[in-house]
Amino acid sequence: MPGVIYESVRGVQSIQIEDDFLRDRKIFLVGEVNDESCNELIKQLLYMESDDNTRPITLFINSPGGDVNSGLAVYDTIRLMKSPVTAVVMGIAASMASIIMLACDESRRFALPSSKILIHDCSWGNRNLGGYKPHEVEQELNQLKNTNARLLAIIAERCNKTVKQVAKVTMHDRYFDADEAISFGLITAVLDNDSFDKIAEKGA
């Protein structure tokens, strides 16, 4: 694990780079959205909220998405916090990672120039329904529809669109480049050198 070396009155100290970023209120969602990654994010968010709920937090995202319930737990946590949270997409924010990004206010959602954002209807993924009775399949389908309705409502609200407008887009996988994401309302701006430096150093 990479470390950062500090020299102080106590002598030379080494801390993990993640701890150094956390001290500067910078956290990362990298890789799959799952119980482990989301639990870690929630702990970091709540720690910073309790430490000082007036200082900004920066969430850097490069994720293909993953579990809906885990992702919604992060979404709800950010929405309930007083600390201003800024999202910066570095690479890709796909599926549930895009929903987590949308928890941040529109003026606090950014992307690097080559980034992509993917939104789509939710699915069962690799779930095997073999052996299910008809009424059990129907129950599962109703749950899936309810979950999808929740995600559509989030995208619509956070992008200033109607649910009908969003549903037309999410029927198939829809990738947005950074400029397209601005037009749709997913992000507010593409970061350049000056704006990235400002966020990287002080938050937004």
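The values are calculated or read from the model by the stated rules, or taken from the named source; none is laboratory data. Note that the structure is predicted; figures quoted are calculated from it, not measured. Note that we place each Cβ from the backbone using ideal geometry, even for glycine, and neighbour counts take in every protein chain shown.
Candidates CYS159, CYS122: the one that is under 18 Å from the mean Cα position of the chain (by Cα), at pLDDT below 95 and closer than 16 Å to ALA93 by Cα is CYS122.
Checking the stated criteria, ILE117 turns out not to satisfy the condition of being among the hydrophobic types (A, V, I, L, M, F, W, C) and either assigned to a helix (DSSP H, G or I) or free of Cβ contacts under 8 Å to residues at least 60 places away in the same chain (or both). Here ILE100 meets the list (1) at pLDDT below 95; (2) part of a helix (DSSP H, G or I); (3) not basic (Lys, Arg) almost entirely, failing just condition (1). Within region 172-193, take every residue that is without any contact (Cβ under 8 Å) to a residue 40 or more places away in the chain and under 15 Å from GLU106 (Cβ atoms) and give me the one that is surrounded by the fewest Cβ atoms within 10 Å (Cβ to Cβ). The qualifying residue surrounded by the fewest Cβ atoms within 10 Å (Cβ to Cβ) is SER183.
Would you pick out the residues in region 125-151 that are at pLDDT below 75 and either in contact with a strand residue (DSSP E or B) (Cβ under 6 Å, 6 or more places away or on another chain) or charged (D, E, K, R) (or both)? Scanning region 125-151 gives a single hit, ARG127. Could you please let me know if ILE154 is out of contact with any Lys or Arg (no Cβ under 7 Å at 6 or more places or on another chain), under 18 Å from GLU106 (Cα atoms), surrounded by 12 or more Cβ atoms within 10 Å (Cβ to Cβ) and modelled with pLDDT of 95 or more? Here the answer is yes, as ILE154 does meet what is asked.
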